[in-house]
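Presented below is the structure to which this report refers.
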Amino acid sequence: MLVARHARIKCASLALLMAAVFAAPCLAAGKIDASSRLNALLDADFNAMVREYPHMATLYGVEGRNDQLLELTNEALQRRDAHDRGMLRQALKIPAAQLARQDRVSYELFVLTKRKAVEGQQFNARRTIEYMDQFSGPHVWMTTNRLFTPFTNELDYRNYIARLRSVPRVVDEAIALSRTGLKAGWVHPKAALERIPRQIDEQLSTPVDDDACGGREGKWRARWRSPVFTAGVSWYRETSPTPRAGRCMRRSWASN
């Protein structure tokens, strides 16, 4: 009877060992599958980002969008909101417990970012003030992005000129968003707007020789002065909450 008991114990141990041996590849496969799904999702999100924000594509060195600027239409904003919702849904389907440590960190940060974006969508009027302040807007994108824009051949310069010609369109769209925000009661604090005229003044008054890109871009400066500055004046006149800043903007524009 004792022999039979030992035999049963050996059989049970062998069964557990075999189960562990066969389960190990399945667990490894699960981790690989979860990691692959996460990486594919991150790639899809990045590709969508460079499509929606061409100036960011230039920053990251992604070719093919150096002649474009983002859209600020309601359709574009709704499309980005839908993308964030879709990314969050897909991310939550990934078995996070199967991810390795670094992938798990990336996963948690990704989910946190998308969840915050989706939760913020309930405040629809928020986006009326997201795209024009002292940190964001064509007056910022164009001056900082040119530092990363390639200027090695004729096509590069033509792409940049095409991008400059998109500035008035983007500012007009920002004007429309700002008007919507005014109606909804969402406006920037005075401090966020009154710096914009000074920022533009400094950009336009900097001598070409002192410009970080002056050597390669100086001859194109005249092409961007008018669209950026004139459109910026139009936007600021319509939306500035401070008459003093608006008068300064108009006076500066008239002097140029």
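Listed residues 89, 127, 115; which is assigned to a helix (DSSP H, G or I), modelled with pLDDT of 95 or more and within 19 Å of the chain's Cα centre (by Cα)? Give the steps one after another, and end with the answer.
Numbers: 89 fails: within 19 Å of the chain's Cα centre (by Cα); 127 fails: modelled with pLDDT of 95 or more.
Of the residues listed, the single one that is assigned to a helix (DSSP H, G or I), modelled with pLDDT of 95 or more and within 19 Å of the chain's Cα centre (by Cα) is 115.
If you check 117, 100 for being touching an Asp or Glu at 6+ places or on another chain (Cβ under 7 Å), small (Gly, Ala, Ser) and either assigned by TED's automatic domain parsing to the domain that holds residue 55 or farther than 29 Å from residue 193 by Cβ (or both), only one passes: 117. I'd like the residue in the range 28-70 that is in a loop (DSSP other than H, G, I, E, B) and out of contact with any helix residue (DSSP H, G or I) (no Cβ under 7 Å at 6 or more places or on another chain) and, out of all such residues, is surrounded by the most Cβ atoms within 10 Å (Cβ to Cβ). The selected residue is 53.
Condition first: part of a loop (DSSP other than H, G, I, E, B), under 17 Å from residue 76 (Cβ atoms) and not assigned by TED's automatic domain parsing to the domain that holds residue 63. Can you find one or more residues in the range 160-175 that meet it?
We begin by selecting, within the range 160-175, every residue part of a loop (DSSP other than H, G, I, E, B); these are 166.
Now restrict to residues that are under 17 Å from residue 76 (Cβ atoms): 166.
Now drop any that are not not assigned by TED's automatic domain parsing to the domain that holds residue 63, which leaves 166.
Within the range 160-175, one or more residues are part of a loop (DSSP other than H, G, I, E, B), under 17 Å from residue 76 (Cβ atoms) and not assigned by TED's automatic domain parsing to the domain that holds residue 63.
The values are calculated or read from the model by the stated rules, or taken from the named source; none is laboratory data. The model shown is predicted, which means the values in this text are computed figures rather than measured ones. Using ideal geometry, Cβ is built from the backbone for each residue, glycine included, and neighbour counts are taken over all protein chains shown.
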